[in-house]
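Written below as structure tokens is the structure these notes are about.
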Amino acid sequence: MVQSRELAARFEAYSDWRRRLSAGISGLHEWLSQQELADAQADLKIQHLLERLHQDKLVIAFVAEFSRGKSELINAIFFADFGQRLLPSSAGRTTMCPTELLYDPTRPPSIRLLPIETRAKDGSVAEFKNYADEWVTLALDLSSADKMSQVLSQVSQTKRVPVMLARRYGLQDDADVLSPLSAADETAVDIPCWRHAVINFPHPLLQQGLVILDTPGLNAIGTEPELTLNLLPNAHAILFILAADAGVSRTDIEVWQNHLVGVDPANKAGKLVVLNKIDGLWDELRTDAEVDAEIARQVKASAQTLAIPPAQVYAVSAQKALLAKVNGDDALLAKSRLPQLEQALSKELIPAKRDIVGTATRMEIRALAAAVRSIIEARGAGIQEQLAELKGLRGKNQDVVEHMMERIKQEKELFERGMQRYTALRTVFTQQTTALYETIGLGTLRDTAGETRRRIEDSPFTKGVRSAMGDFFATIRGNIEQSAQKTLEIHDMMQAMYARFAKEHGLEPFTPPQFSMLKYQKEIDRLERAYNVHFNTLWNMVSKAKFTLMKRFFETIAIRVKHVYDIANRDIESWLKAVMAPLETQVREHHMQLRRRLDSVKRIHRASDELEERIGELEQAEAGLRAQIDALDREIAAIDSVIEQPEMFLLAANA
Ligand SMILES: Nc1nc2c(ncn2[C@@H]2O[C@H](COP(=O)(O)OP(=O)(O)OP(=O)(O)O)[C@@H](O)[C@H]2O)c(=O)[nH]1
Ligand SMILES: [Mg+2]
């Protein structure tokens with residue numbers, strides 16, 4: 001059986017790399033714990049890193065007008081091993097709801113279906129995912145491809161309902177979301193049975209974190225905000241599919257404009273354009289060269305229409321590729337040109353993803369190492385100070401020792417008095433963080449969203465909805481600005497405190513990092529842009545169902561904003577720790593050092609022969625710290641070398 005080896009091998013290598021990286025990080029963690037260098041913050045950071053590496057997903061979305069062959073292409077690229085067509089693919093509208101294919105080992109193989117009726121309720125698909133009882137779950141019998149494809153055919157199920165009901169779901173409109181009404185039965189219309197499907201399936205690629213998103217054609221994309229606002233913007237690659245038999249139609253261009261280029265120019269997801277069904281151009285009466293020229297001509301024309309370079313368009317035949325893979329027909333597979341697309345997909349996708357993950361991991365590990373190193377260095381500086389002190393006592397009489405003891409005692413008392421200021425600072429810090437959490441808190445967001453929802457319901461006119469939404473975004477933006485101001489205040493206060501402790505008690509100077517809200521600002525801007533684009537589209541397209549649709553759009557936006565808030569809250573929490581933790585550590589370490597210094601001078605005061613012994617002990621401790629730094633460097637270098645391993649090496653190692 002011929003398989004998509006290139007993509008599989010690259011993905012395998014990528015997963016393997018992630019596993020090695022996790023192992024390196026776990027090793028570092030173990031070492032830190034052994035050396036008693038891991039505090040709560042380091043534990044948390046490492047745990048987050050490992051979780052992120054473990055759950056790392058790679059999302060490929062297939063987007064096109066209906067019947068261009070999205071589902072067939074997915075079958076050909078990923079599921080040919082089953083020897084038959086797994087996802088339903090047929091003439092006319094087939095895939096009726098967005099369908100995610102993924103693998104979650106905590107659930108048995110299944111298809112989970114969200115009933116279309118949920119469209120009449122508030123709440124987005126993302127929210128419904130938290131409630132298992134809203135979904136219909138059907139088991140997948142992996143031992144029978146026939147039974148599986150029968151169960152999977154659920155994604156193309158439709159049912160006949162009164163037009164009024166379809167309108168309530170925001171599905172029926174003058175532009176006709178679904179199949180045309182039959183003249184005889186004007187009051188009924190076919191709608192999808194399901195709003196969303198999640199196929200849980202232990203395919204090797206899915207097991208490694210690949211997520212495939214199959215979508216229904218144009219109008220159906222527009223009516224499910226989850227797709228336009230969440231799933232597509234978060235995909236790592238989008239395949240846009242055209243069909244050679246249809247040319248580039250007006251609706252193709254609309255899909256391209258609205259879902260691939262129009263919404264977010266900042267979105268860096270890889271985009272590949274596929275010209276499918278080239279087998280329609282195969283013609284026994286023409287030479288291969290003539291057929292190739294015709295394909296090249298169509299590729300060029302499509303590229304021109306979409307204003308992209310022709311090299312970005314991949315001409316294939318999904319159907320013949322599936323057939324070729326099922327029959328092990330290498331010549332036909334080559335002729336289908338699918339291998340080139342698979343190669344481009346893996347080349348585009350995986351190295352880019354690896355880069356992002358690698359850079360982020362490296363940055364976090366560096367920050368962690370720097371924190372640990374500064375603890376070790378502070379300990380080293382303390383030892384050196386003590387050594388200098390004790391060496392200065394060589395050959396001195398009891399009076400000098402006594403004098404020194406007095407001096408350290410005073411220093412310790414002074415420091416302990418300074419601790420009161422530290423305690424006061426902690427109180428102010430807590431007050432300020434509480435105020436910060438209030439501005440960016442979920443409670444505030446809930447109130448703002450509730451208010452907007454009421455206003456949309458109360459004034460169902462373009463102007464009313466527009467101004468309610470405009471105010472919503474303005475309030476959110478205001479909250480983010482205020483939070484930015486508050487983090488700045490906290491930063492300045494802490495910076496002053498660090499400077500003061502450094503000056504008065506000789507603690508190591510430390511500049512706390514600043515917090516930037518820019519990332520969240522940008523995400524809100526992106527949502528507002530997406531909303532603006534879709535507002536007009538929706539307003540024009542849907543007449544009678546527009547309010548249901550508007551409201552649903554708002555709910556999805558509210559969920560996305562909540563997601564931004566969630567992340568901001570989490571980031572703020574770790575930032576606050578990063579700002580406060582060094583001071584806590586410094587204070588604790590400095591206090592401990594003062595006690596140790598006092599102890600050793602006391603010992604020497606009691607018996608002068610203790611001096612040399614104590615100096616020896618300190619010198620040994622110092623050597624121990626140097627060894628610790630070396631070991632830390634080695635741990636970090638090991639992780640770095642995994643991150644930097646060239647992909648070719650990994651591919652070869654796995655071959
Ligand atoms: N000749 C030919 N037909 C194809 C090819 N790819 C798909 N088809 C056919 O085109 C029709 C539509 O394919 P689907 O895979 O259902 O298309 P889709 O884009 O998923 O369509 P929706 O699910 O309705 O959005 C089916 O009858 C396929 O067999 C191809 O490469 N060549
Ligand atoms: Mg389909």
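The values are calculated or read from the model by the stated rules, or taken from the named source; none is laboratory data. Worth saying up front: this structure is predicted, and the values here are computed from it rather than measured. Here the Cβ positions follow ideal geometry from the backbone for every residue, glycine too, while neighbour counts run over all protein chains shown.
See the values below:
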quantity	calculated
Odd one out for A91, checked against (1) surrounded by 13 or more Cβ atoms within 10 Å (Cβ to Cβ); (2) within 16 Å of ligand 1 (Cβ to nearest atom)	(1)
Every pair of residues 6+ apart whose Cβ atoms lie under 7 Å, when the first sits in segment 56-69 and is touching a residue at least 40 places away in the same chain (Cβ under 8 Å) while the second is buried (at least 24 other Cβ atoms within 10 Å of the Cβ) and small (G, A, S)	G69/A318
Criterion violated by A42 - all others in (1) at pLDDT below 90; (2) within 16 Å of ligand 1 (Cβ to nearest atom) satisfied	(2)
Residue match in segment 239-251 (condition: buried (at least 21 other Cβ atoms within 10 Å of the Cβ) and acidic (D, E))	no
Test: residue in segment 70-83 that is under 17 Å from F201 (Cβ atoms), touching a helix residue (DSSP H, G or I) at 6+ places or on another chain (Cβ under 9 Å), in contact (Cβ under 8 Å) with a residue 24 or more places away in the chain and away from ligand 1 (no atom under 16 Å from the Cβ)	yes
Whichever residue in segment 24-41 is without any contact (Cβ under 8 Å) to a residue 40 or more places away in the chain and assigned to a helix (DSSP H, G or I) and, among such residues, is nearest to A80 (Cα to Cα)	S26
Residue check for A653: within 43 Å of the chain's Cα centre (by Cα), modelled with pLDDT under 90 and among the small types (G, A, S)	yes
Residue match in segment 8-17 (condition: within 16 Å of ligand 2 (Cβ to nearest atom) and either in a helix (DSSP H, G or I) or in contact with a Pro (Cβ under 6 Å, 6 or more places away or on another chain) (or both))	no
Tally of residues being among the aliphatic types (A, V, I, L, M) and within 31 Å of the chain's Cα centre (by Cα) across segment 420-453	6
Of all residues in segment 94-133 being assigned to a loop (DSSP other than H, G, I, E, B) and within 16 Å of ligand 1 (Cβ to nearest atom), the one that is nearest to the chain's Cα centre (by Cα)	P98
Flag if R18 is more than 9 Å from ligand 1 (Cβ to nearest atom) and basic (K, R)	yes
Members of segment 134-157 that are modelled with pLDDT of 90 or more and within 16 Å of ligand 1 (Cβ to nearest atom)	L152, S153, Q154, V155, S156, Q157
Residue that is surrounded by fewer than 18 Cβ atoms within 10 Å (Cβ to Cβ), among the basic types (K, R) and within 29 Å of V316 (Cα to Cα), where the choices are K57, K121, K129, K70	K57
Residue satisfying condition, being surrounded by fewer than 19 Cβ atoms within 10 Å (Cβ to Cβ) and of a type outside the set (A, V, I, L, M, F, W, C), within set K325, K300, K320	K300
Matching residues, segment 611-628, being touching a residue at least 40 places away in the same chain (Cβ under 8 Å) and either more than 50 Å from the chain's Cα centre (by Cα) or under 13 Å from M404 (Cβ atoms) (or both)	L611, R614, I615
Which numbered condition G443 fails, given (1) exposed (fewer than 13 other Cβ atoms within 10 Å of the Cβ); (2) without any contact (Cβ under 8 Å) to a residue 24 or more places away in the chain; (3) not in a helix (DSSP H, G or I)	(3)
S608 touching a Lys or Arg at 6+ places or on another chain (Cβ under 9 Å) and either within 27 Å of E402 (Cβ to Cβ) or surrounded by 14 or more Cβ atoms within 10 Å (Cβ to Cβ) (or both)	no
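Every residue, every condition in (1) within 23 Å of P513 (Cα to Cα); (2) not β-branched (V, I, T), yes or no:
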site	(1), (2)
I440	yes, no
E451	no, yes
R455	no, yes
S467	no, yes
D471	no, yes
I480	yes, no
S483	yes, yes
L488	yes, yes
